[in-house]
1. Which of the three applies to the stretch 211-350, rounded, prolate or oblate, going by the alpha-carbon gyration tensor with a ≥ b ≥ c and a/c under 1.5 meaning rounded?
2. On the accessible surface of the chain, probed at 1.4 Å, how many percent belong to carbon and sulfur atoms?
3. Accessible area per residue, 1.4 Å probe, Å², for the stretch 279-373: what's the number?
4. Semi-axes, largest first, in whole Å: what does sqrt of 5 times each Cα gyration tensor eigenvalue give for the chain?
5. Keeping all protein chains in position, work out how much accessible area ILE77 exposes to a 1.4 Å probe, and write it in Å² to the nearest 10.
6. At a Cα cut-off below 13 Å, give the aspartates and glutamates reachable from LYS165, other chains included and same-chain residues fewer than 8 away excluded.
7. Determine the shape class of the stretch 1-160: with a ≥ b ≥ c the square roots of the Cα gyration tensor eigenvalues, call it rounded for a/c under 1.5, and otherwise prolate if a/b is greater than b/c, oblate otherwise.
8. Please calculate how many Å² of accessible area the stretch 55-181 carries per residue, with a 1.4 Å probe and no DNA, RNA or ligand atoms counted.
Amino acid sequence: MMRIAFVQYTSPAAYPPIMNAARICRDSGLRVSLWGVQSQGAAGSLQMDACQGMDLSLMPFCAPGVWQKFHYLRFFIVCLLRCLWFRPSVVYCSDLWSYPIGLVLSQVLGFRVVAHEHDSPASDGSFAIRVCLSCREMLFRRSLVVFPQRERSEIAAKSLTIQSKVVVWNCPRMDEVVDAIPVESRESITLWYHGSIVPSQFPSTIIQAMAILPGDYRLRFAGYETIGSRGYIASLMDLARTLGIADRIEYVGAIPTRCGLFTHASQCDVGLALFDRQFREPMVGASNKPFDYLACGLVVLANGSSEWVEFFKEIPAVFHADPADPDAIAAALKCLVGEASTMLSVRHEGIQKIRDDWNYETQFQQVLEAIRC
């Protein structure tokens with residue numbers, strides 16, 4: 001039986017593409033093992049559904065500082081030893097800190113490595129970061145590299161020599177798509193957001209737009225704050241109280257599993273993907289949010305920049321607005337839920353698009369073929 005080891009100095013449960021890739025590899029007959037590190041805070045509650053043919057091993061979280069250097073060295077050595085014991089056919093490295101491990105496994109021990117770059121790294125930093133960046137450059141020369149977004153792959157290819165690259169959008173798996181959309185009449189329109197709760201992805205203008213909308217609009221959101229956004233949820237709820245709409249806003253916490261997340265989402269009507277226009281890098285295709293929402297049978301309100309409009313131009317279930325303008329957000333929401341029959345129709349079209357093309361099985365097929373060859 002072929003074997004594959006997923007290596008990342010973080011928790012794979014925080015990365016849907018890793019969970020999806022591991023599950024697809026397992027379903028295709030590979031023995032899967034995932035090695036990582038537990039997350040801290042609310043992100044530590046996220047869980048990955050392991051099943052027969054999949055093993056998950058996580059080291060405890062270690063806070064940044066001197067001890068983290070020893071923690072990482074231990075993780076590095078443990079991964080090397082595990083590879084010598086597990087003998088994977090392919091090692092799948094998917095964060096900057098796993099690239100030095102992948103390089104040693106590839107260049108010294110002869111293992112075949114796939115690199116998956118979820119987020120483009122900063123071009124400078126500490127000595128340790130610079131070492132990882134050098135390892136990234138050397139690893140990419142001898143590996144298949146998976147990018148979640150076309151422009152990112154093109155930018156990387158301009159500055160690095162890459163042996164082979166493929167773009168895989170962060171879509172849900174087929175078995176995550178909802179079977180049907182509830183058709184019973186509702187007393188309210190429910191907006192939904194899930195993901196990292198930070199200003200650049202979930203702006204306060206959404207709360208301001210809720211104050212403009214009629215009282216039958218409600219907002220529910222799930223996720224967790226990052227280290228740099230601590231206190232942001234409390235500030236959003238304070239704003240809602242100030243605007244007199246706190247009774248229409250609900251934070252449901254960090255939902256541990258994808259299954260639970262999709263269950264909550266599918267009970268709503270509109271998914272929010274209002275990324276900041278000046279986001280740190282191109283996100284369309286890389287963000288799982290719009291694909292998740294469509295798979296749950298939701299209409300999607302996304303960023304109105306040309307990047308997002310062009311990508312979703314043939315998908316009637318996706319509407320657009322300026323994320324910095326609460327009036328524009330409110331107007332778009334009123335427009336997209338204006339006629340119930342039309343809204344239901346486009347929601348079904350969104351589900352069908354996920355089933356036909358925008359699913360991880362289809363997106364990942366080229367990588368799976370490379371892994372199995």
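1. Cα axes put the stretch 211-350 in the rounded bin.
2. Details: 8620 of 16260 Å².
Of the solvent-accessible surface of the chain, carbon and sulfur hold 53 percent.
3. Value returned for the stretch 279-373: 40 Å² of accessible area per residue.
4. Values: eigenvalues 274, 99, 74 Å².
Semi-axes (√(5λ), whole Å): 37, 22, 19.
5. 80 Å²
6. Candidates past the 8-residue exclusion: GLU117, GLU151, GLU154.
7. rounded
8. Accessible surface, normalised per residue, equals 50 Å².
The values are calculated or read from the model by the stated rules, or taken from the named source; none is laboratory data. What you see is a predicted model, and the numbers here were worked out from it, not measured in a lab. Cβ: placed from backbone, ideal geometry, glycine included. Neighbour counts: every protein chain shown. Areas reflect the complete protein model, heavy atoms only, side chains present, ligands, DNA and RNA absent. Shrake-Rupley method; radii C 1.70, N 1.55, O 1.52, S 1.80 Å.
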